[in-house]
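Take a look at the structure below.
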Amino acid sequence: DGTDDYVLISDHSSLNSDSTITVEAWIKADAYGRNVYDNSIFCKHGWSRGNLGYVLRCGSNGKISFNISDGSGTWREAASASIMETGIWYHVAGSFDGDSVNVYINGELVGTTLYTGYISPSSGLTARIGDLANGGGRLFDGMIDEVRVWSTAVDQATLRDWMCRKVNSAHPNVANLEGNWRLNEDSGTTTLDESGNSNSGTLTNGPTISLSGAVVG
């Protein structure tokens with residue numbers, strides 16, 4: 001609801017990459033915040049112990065952003081122009097391949113920032129779908145589906161090939177799948193992680209479960 005709902009995921013080493021990473025999801029926003037950082041999609045970053053981790057987020061009238069903390073604790077961000085509209089489903093992704101931070105909408109590269117190095121891992125921080133990892137009001141207003149985290153930079157062709165498909169053993173990066181929340185549950189407060197890492201999420205503060213219009217499956 002953009003006010004206090006989110007999915008809470010416990011800290012796990014599988015989500016604490018210090019090198020390459022990809023985060024992807026389907027989203028449909030009801031509203032965007034004023035700033036590009038206002039609406040967290042998947043977050044495992046923080047700054048109370050110095051800048052750590054990564055976050056896929058949106059805002060600023062329809063921009064998508066992927067932000068990582070580099071090896072020295074400096075934020076490195078790639079962002080799109082204000083492309084996305086409210087009320088429409090989009091596949092969004094952010095990646096870091098060791099040389100650049102990239103963001104994609106519907107499988108198209110829409111922003112890149114050059115950076116060669118590492119990520120400062122966010123060990124000890126929970127992850128959240130729809131909010132900041134450590135809380136703080138940057139909540140997503142709308143629907144989120146099919147969230148995936150990979151410990152590799154999934155290339156553009158693969159993102160396009162698989163954005164409308166459920167992950168299975170034929171995916172070329174399946175060995176690097178660290179989190180896969182299909183969000184298919186129609187009741188309860190737990191959403192399962194299909195990656196094999198048991199990173200189940202807890203639906204917090206009563207997010208509404210609704211039929212998805214995402215083009216998946």
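The values are calculated or read from the model by the stated rules, or taken from the named source; none is laboratory data. Please read all numbers here as calculations on a predicted model, not as lab measurements. Every residue, glycine among them, receives a Cβ derived from its backbone with ideal geometry; neighbour counts consider all protein chains shown. Ligands, DNA and RNA are excluded from the accessible area calculation, which covers all protein heavy atoms including side chains. Shrake-Rupley method; radii C 1.70, N 1.55, O 1.52, S 1.80 Å.
Scanning region 201-217 turns up one or more residues that are part of a loop (DSSP other than H, G, I, E, B), over 18 Å from the mean Cα position of the chain (by Cα), farther than 18 Å from residue 1 by Cα and not basic (Lys, Arg). Beta carbons closer than 9 Å, at least 6 apart along the sequence or on distinct chains, pair a first residue in region 88-99 that is without any contact (Cβ under 8 Å) to a residue 24 or more places away in the chain and farther than 11 Å from residue 144 by Cα with a second that is in a strand (DSSP E or B) and open to solvent by 40 Å² or more (accessible area, probe 1.4 Å) for 99/114. Could you tell me whether residue 203 is open to solvent by 30 Å² or more (accessible area, probe 1.4 Å) and farther than 15 Å from residue 44 by Cβ? Yes: the conditions hold for residue 203.
Please specify each residue of region 61-72 satisfying the condition of being polar (S, T, N, Q) and either more than 13 Å from residue 17 (Cβ to Cβ) or not in a strand (DSSP E or B) (or both). Answer for region 61-72, where residues must be polar (S, T, N, Q) and either more than 13 Å from residue 17 (Cβ to Cβ) or not in a strand (DSSP E or B) (or both): 61, 65, 67, 72. Is it the case that region 1-21 has a residue that's hydrophobic (A, V, I, L, M, F, W, C) and open to solvent by 10 Å² or more (accessible area, probe 1.4 Å)? Looking for residues that are hydrophobic (A, V, I, L, M, F, W, C) and open to solvent by 10 Å² or more (accessible area, probe 1.4 Å), one finds at least one in region 1-21, hence yes.
Residues are listed down the side, and each one gets a yes or a no for (1) in a loop (DSSP other than H, G, I, E, B); (2) within 15 Å of the chain's Cα centre (by Cα); (3) crowded, with 17+ Cβ neighbours inside 10 Å; (4) at positive phi:
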site: 95; (1), (2), (3), (4): no, yes, yes, no
site: 98; (1), (2), (3), (4): yes, no, no, yes
site: 102; (1), (2), (3), (4): no, yes, yes, no
site: 109; (1), (2), (3), (4): no, no, no, no
site: 117; (1), (2), (3), (4): yes, no, no, yes
site: 121; (1), (2), (3), (4): yes, no, yes, no
site: 132; (1), (2), (3), (4): yes, yes, yes, no
site: 136; (1), (2), (3), (4): yes, no, no, yes
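When region 39-60 is filtered for residues that are part of a loop (DSSP other than H, G, I, E, B) and either among the aliphatic types (A, V, I, L, M) or modelled with pLDDT of 95 or more (or both), only 60 remains. Criterion first (in contact (Cβ under 8 Å) with a residue 12 or more places away in the chain, open to solvent by 60 Å² or more (accessible area, probe 1.4 Å) and either farther than 17 Å from residue 91 by Cα or charged (D, E, K, R) (or both)) does residue 168 satisfy it? When the stated conditions are applied, residue 168 does not pass them. Of all residues in region 145-173, those being among the hydrophobic types (A, V, I, L, M, F, W, C), farther than 17 Å from residue 67 by Cα and in contact with a Ser or Thr (Cβ under 9 Å, 6 or more places away or on another chain) number 2. Selection over region 74-93 of residues that are open to solvent by 20 Å² or more (accessible area, probe 1.4 Å), of a type outside the set (D, E, K, R) and over 13 Å from residue 57 (Cβ atoms) gives a count of 9.
Residues checked against (1) hydrophobic (A, V, I, L, M, F, W, C); (2) in contact with a strand residue (DSSP E or B) (Cβ under 6 Å, 6 or more places away or on another chain):
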residue: 118; (1), (2): no, no
residue: 138; (1), (2): no, yes
residue: 154; (1), (2): yes, yes
residue: 183; (1), (2): yes, yes
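Please find, within region 6-33, the residue that is farthest from residue 209 (Cα to Cα) out of those that are among the charged types (D, E, K, R) and at pLDDT 95 or above. Top of the filtered list is 24. The set of residues in region 171-193 being surrounded by fewer than 16 Cβ atoms within 10 Å (Cβ to Cβ), at negative phi and in a loop (DSSP other than H, G, I, E, B) consists of 172, 184, 185, 186, 187, 189, 192. Counting residues in region 57-64 that are under 15 Å from residue 148 (Cβ atoms), open to solvent by less than 40 Å² (accessible area, probe 1.4 Å) and under 17 Å from the mean Cα position of the chain (by Cα) gives zero.
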